[in-house]
Amino acid sequence: MRGNTDSQKFTPVIIVRAGLFIAMSLVLKVIFEIYIPLAGIPALRINFASIPLMLSGMILGPAAGFISGATADLINFMVKPGGPFFPGFTLVSALSGFIPGFIYKYVRKNINYNLLNTAFISLLSAGFVMVFIHNGLLKFDGTIMYDGKPLSFIYIAGFFILVAIYLILPAKITSADKDLSMSRIVFTVSATQLITSILLNTYFLSVLYGKGFMIFLPARILTNFFMIPMYSIVIAAILNAVKGRFKL
């Protein structure tokens with residue numbers, strides 16, 4: 001059975017499928033979430049709960065994705081609150097479903113997504129370095145210094161290797177179905193994470209805890225260097241597994 005994604009009518013089938021995505025998100029967040037403190041605050045959360053929400057938008061449409069994300073956050077707060085309730089985080093969760101749905105419904109398939117991904121990772125990499133320089137953690141004094149100590153060549157090489165993999169992998173993994181092309185999926189995940197995780201979540205954390213935006217930003221950018229490719233690979237695998245049952 002193919003999903004009715006062309007219409008934004010909430011049929012019983014769409015409601016049931018949205019419920020399944022919400023349930024999967026809750027399970028992933030409750031069981032597999034890791035908290036990493038920043039400035040003494042559990043501000044960095046690593047989990048895979050966003051994957052079902054992104055899939056809900058891609059498969060069911062942006063409206064269903066928005067409602068799925070908001071509902072998942074509200075239920076999760078009631079089941080396992082990770083701090084005070086803040087409506088900004090509910091909005092972020094809702095956008096995690098809405099943005100992928102919007103891209104898949106309204107953005108053209110024949111755009112050069114490899115070029116967009118190259119621009120994104122270049123800006124993200126430059127932003128990451130500039131944030132560390134701004135915070136005084138990274139300096140150039142004949143050599144690259146991190147927190148007053150010479151930075152090992154291993155970390156520098158690893159950073160450039162990671163960026164190279166980020167740029168090359170989507171271009172090498174191709175698909176006859178443009179909806180399932182790795183470059184389009186990477187762009188969708190990147191755009192979603194940039195708006196939700198890197199920008200909005202960081203801003204809302206600074207507002208909620210009264211800390212500077214730049215205190216939280218470096219770790220959140222670094223985390224997304226790893227999470228965006230991981231999210232993209234998992235989402236691509238799932239979409240390829242169910243491609244005969246749903247129309248994106």
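Were the residues from residue 11 through residue 159 laid out at 0.36 nm apart, the gain over their Cα-Cα distance would be 48.6 nm.
Averaging Cα coordinates gives a centre for segment 183-212 and one for segment 70-86; these two points are 18 Å apart. Counting every other Cβ atom within 10 Å of each residue's Cβ, 234, 79 order from fewest to most as 79, 234. Work through the residues other than residue 196 whose Cβ is under 12 Å from its Cβ and net out their charges, Lys, Arg +1 and Asp, Glu -1. After counting each charged neighbour, the total is 0.
Residue separation of residue 115 and residue 214 scaled by 0.36 nm, minus their Cα-Cα distance, works out to 32.8 nm of gained length. If R0 is 35 Å, the Cβ-Cβ spacing of residue 27 and residue 168 corresponds to a FRET efficiency of close to 0.55.
No value in this document is a laboratory result; all are computed from the given coordinates. Worth saying up front: this structure is predicted, and the values here are computed from it rather than measured. With ideal geometry, Cβ positions are generated from the backbone for all residues, glycine too; neighbour counts draw on all protein chains shown.
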